[in-house]
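Inspection log for the structure reproduced underneath, given as structure tokens.
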Amino acid sequence: MGFWAYMLHCADRSFYVGHTDDLDARIGAHQSGLIKGYTSTRLPVTLVWADEFPSRYEALQAERQIKGWRRAKKLALIRGDWRLISALARNAEEKKRASTGSARTEEG
């Protein structure tokens, strides 16, 4: 049995990212409003991306990683544009490095 990380496009143009062991049942539950919370107030939703993983842990890891991404990176994932995903990741890492520790001063 596999586990899935998935992304839904909501009626308000936002994205929802989750994981499950039964993708068809989970999407149906989201669509019908059975899953209370984020998606139930943003119906209808459309499955725009899903990937299968060998363990629940790996699917959850993917979910958490993708939830932290900005919209542009999520859109690149939906399109399968791995070059853009990589470029956006590098850009984010460079910004992070540039801002970390730049305010430090040493007393002399």
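Of the lysine pairs in the chain, how many meet both conditions: Cα atoms under 20 Å apart, and a spacing of 8 or more in sequence or different chains?
Details: Lys36/Lys67; Lys67/Lys95; Lys67/Lys96; Lys73/Lys95; Lys73/Lys96; Lys74/Lys95; Lys74/Lys96.
Final tally of qualifying lysine pairs is 7.
So what is the relative contact order for the chain, in percent, with contacts set as C-alpha pairs under 8 Å and at least six apart? If you can, show how the numbers build up before the last one.
Values: 127 pairs, mean separation 29.6, N = 108.
It rounds to 27 percent for the chain.
Principal axes first, then extents: for the Cα atoms of the chain, list largest minus smallest coordinate on each axis, whole Å, largest first.
65, 31, 26
With every atom except the alpha carbons ignored, what do you get for Rg and Dmax of the stretch 24-81, in angstroms?
Rg, Dmax (Cα atoms, Å): 12.6, 33.
Based on DSSP H runs of at least 4 residues, each adding -39500 (n - 2.57), what is the mean residue ellipticity at 222 nm of the chain after dividing by all its residues, to the nearest 500 deg cm²/dmol? List each step's numbers first, then the result.
Values: 4 runs with 49 residues, N = 108.
About -14000 deg cm²/dmol.
Any read-out appearing in this document is the output of simple, stated calculations on the displayed coordinates, not a laboratory observation. Remember, predicted model here, so these are calculated numbers, not experimental data.
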